Amino acid sequence: MSTTAAGTTTLTDKQQRILQYLRENGRMKTYFKSRLIGDELGLTAKEVGANMTAIAEGNFDVDVEKWGYSSSTTWKVTV
């Protein structure tokens with residue numbers, strides 16, 4: 001992850017894929033497990049969790065909050 005001079009966050013390919021997934025599915029659902037996102041995108045739960053932080057901390061049209069840890073980190077997503 002890097003920050004441009006304008007102050008906007010540049011996302012990696014994985015982060016862009018996760019963000020797009022959340023945009024598409026966040027309208028129908030609020031809670032997402034890292035493991036299930038990973039299954040859909042061909043990533044591990046660990047990869048999803050590591051990349052969700054950039055999305056959660058960035059200024060995007062999707063709000064992401066770490067919500068729970070049972071059997072896989074759960075994320076609360078508001079689109």
inquiry  = If I filter the stretch 39-79 down to residues being touching a Phe, Trp or Tyr at 6+ places or on another chain (Cβ under 7 Å) and in a helix (DSSP H, G or I), which single residue comes out as surrounded by the most Cβ atoms within 10 Å (Cβ to Cβ)?
reply    = 52
request  = Would you mind stating whether residue 9 is surrounded by 14 or more Cβ atoms within 10 Å (Cβ to Cβ), polar (S, T, N, Q) and at pLDDT below 95?
outcome  = yes
Every residue from the stretch 28-38 that is open to solvent by 70 Å² or more (accessible area, probe 1.4 Å) and either part of a helix (DSSP H, G or I) or of a type outside the set (Lys, Arg) (or both) = 28, 31, 35, 36
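The values are calculated or read from the model by the stated rules, or taken from the named source; none is laboratory data. As the structure is a computational prediction, the values presented were derived from the model and not from experiment. A quick note on method: Cβ atoms are made from the backbone with ideal geometry, for glycine too, and the neighbour counts reach across all protein chains shown. These accessible areas exclude ligands, DNA and RNA; they are computed on the full protein's heavy atoms, side chains included. Shrake-Rupley method; radii C 1.70, N 1.55, O 1.52, S 1.80 Å.
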